[in-house]
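For reference, the structure is listed below as structure tokens.
Every number in this text was worked out from the coordinates using simple rules, so none of it is lab data. These figures come from a predicted structure and were not determined experimentally. No Cβ is skipped: glycine too gets one built from the backbone with ideal geometry, and neighbour counts run over all protein chains shown.
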């Protein structure tokens, strides 16, 4: 089963925020046992770097990003995806872009 992780779940994982880190880590364990295929949107990484700047060392965060590529697959977005998301008129564009990734994964373009 493919599981697309929301940016907030990834923030909990990378920042090791209590009490949510344990749940985010459980997802990684599920991946290790082959129960799920974990996915993240490419823009989540830049959002996380921006949000965690000042609280997590940038170099360490980038190292954690690199390490995460061993268990997270990355969904990229295109100009068409952004256009569709903007036309959808959601109040939260980030959530709508995550939805665009989910649509891509559902169509199995990866």
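Extending 7 Å from Cα along the Cβ direction at residue 28 and again at residue 58 yields two label points whose distance is 2.4 nm. Could you give the angle, 0 to 90 degrees to the nearest 10, between helix 79-88's Cα long axis and the longest principal axis of the Cα atoms of the chain? Once rounded, the angle reads 80 degrees. Across all Cα pairs in the chain, the calculated P(r) in 5 Å bins from zero up to the longest distance comes to 2, 11, 22, 23, 21, 13, 7, 1 percent per bin. Per-peptide packing, taken as the mean over residues of other Cβ atoms within 10 Å, places 82-88, 43-49 in the sequence 43-49, 82-88 from highest down.
Over the residues of the chain, the helix contribution to mean residue ellipticity at 222 nm works out to -18500 deg cm²/dmol, using -39500 (n - 2.57) for each DSSP H run of at least 4.
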